[in-house]
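Read the structure below first, then the notes.
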Amino acid sequence: RHYGFTLIEDASHALGGRYRDHAVGAIPGVAATIFSFHPAKQVTAAEGGAVLTDDAELAARLRELRHHGITRDPARMPSAPDGGWAYEQIALGFNYRLSDLHAALGTSQLRRLDAFLARRRALAARYDASLAQLPVILPAHSPGAQSGWHLYPVRLRRGGAYRRAVFESMQAAGIGVNVHYIPVHYHESYQRLGFRRGQFPEAERYYDTALTLPLYPDLTDAQQDYVIDRLRDSLQTAEAQVAS
């Protein structure tokens, strides 16, 4: 308020999360919250996403922009319409709507959100307990916040050849680990803008040691135990490889 900032949440990973007494998407002072419904998220519409806002004027503006900047409201038109068929493009908008089929899928998934979140949180808690004695840094738990557990990323104690050895060992065991994410300034499009490696050392240190473990509602306890056992073995193998 002091500086006249507008707060917009990129909450693409945070559906189902909470901050203090509020769900993400309903936090006071936030003008708009953006969710993703990509297939890997907590619920999916196969693609696309949604913008949440309690600002009626902003909501109307967003509805116009998602539909080419077109309105059929005579009050919004610069001159009287020719007839009931008339519409006016009052802004250079986009074509960003979910199809009806995607929206139907997303709506059905939202009805299952509580169950999905409960399972994700249970799996995250199992990881927390089982990995506590391994040489990895667990995801941070912020006071007053509750994660939606889109991902479960850990940090290894070292990077480089060690992280690569762990990654490849897990993949060879049939476990779909991944790395989230490659720093933005590493990518060619940003390199052309003048960004260089070394400019953001904390992001780079994080990337060098990051490893994301499988986390999805259909993951069984037995499958998760297999992931944990293979991670323990992979860490030991990588340690021996690096030492040699």
Checklist entry - Of the heavy-atom accessible surface of region 118-230 (probe 1.4 angstrom), what whole percent is carbon and sulfur? => result 53 percent
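Find out how many positive minus negative residues lie around residue 127, taking Lys and Arg as positive, Asp and Glu as negative, among other residues whose Cβ is under 14 Å from that of residue 127. Spell out each step's value before the answer.
Values: positive: 119, 120, 121, 126, 155, 230, 232; negative: 128, 221, 225, 229.
That sum, taken over residues with Cβ under 14 Å, equals +3.
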Item to check | Rounded to whole Hz, the Karplus (6.51, -1.76, 1.60) HN-Hα couplings of region 66-71, x for glycine and proline | outcome: 6, 10, 6, x, 9, 10
Next on the checklist: To test your reading of the geometry: what angle, between 0 and 90 degrees and rounded to tens, separates the Cα axis of helix 161-172 from the longest principal axis of the chain?
Outcome noted: 80 degrees
Item to check | Separation of alpha-carbon centers, region 58-88 and region 2-33, rounded to whole Å | outcome: 29 Å
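With an 8 Å Cα cut-off and a minimum separation of 6 or more residues, compute the relative contact order for region 163-241 in percent.
On the way: 58 pairs, mean separation 34.8, N = 79.
After rounding, I find 44 percent.
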Next on the checklist: Sort 33, 53 by heavy-atom solvent-accessible area, probe 1.4 angstrom, most to least.
Outcome noted: 53, 33
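Restricting to DSSP H runs of at least four residues, report the calculated mean residue ellipticity at 222 nm for the chain, -39500 (n - 2.57) per run over all residues, nearest 500 deg cm²/dmol.
On the way: 7 runs with 89 residues, N = 244.
Calculated at 222 nm, the ellipticity per residue is -11500 deg cm²/dmol.
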Checklist entry - With point charges of +1 on the Cβ of Lys and Arg and -1 on the Cβ of Asp and Glu, referenced to the Cα centre of region 131-201, which listed residue (194, 181, 134) lies farthest in the positive direction of the dipole? => result 194
Checklist entry - residue 49's amide H: which non-local residues (gap 5+, or another chain) put their own amide H closer than 5 Å, with H modeled 1.01 Å from N in plane and none for Pro or chain starts? => result 37
Checklist entry - In whole Å, how far is the Cα centre of region 121-149 from that of region 179-234? => result 16 Å
Checklist entry - What order do you get for 1-11, 96-106 when each peptide is scored by the mean count of other beta carbon atoms within 10 Å, highest first? => result 96-106, 1-11
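Tell me, what is the per residue accessible area of region 1-75 in Å², probe radius 1.4 Å?
Details: 4840 Å² over 75 residues.
With all protein chains present, region 1-75 gives 64 Å² per residue.
The values are calculated or read from the model by the stated rules, or taken from the named source; none is laboratory data. Fair warning: this is a prediction, and the values are worked out from it, not measured in the lab. Glycine gets a Cβ as well: all are built from the backbone with ideal geometry, and neighbour counts include every protein chain shown. What goes into the accessible areas is simple: the full protein's heavy atoms, side chains included, and nothing from ligands, DNA or RNA. Shrake-Rupley method; radii C 1.70, N 1.55, O 1.52, S 1.80 Å.
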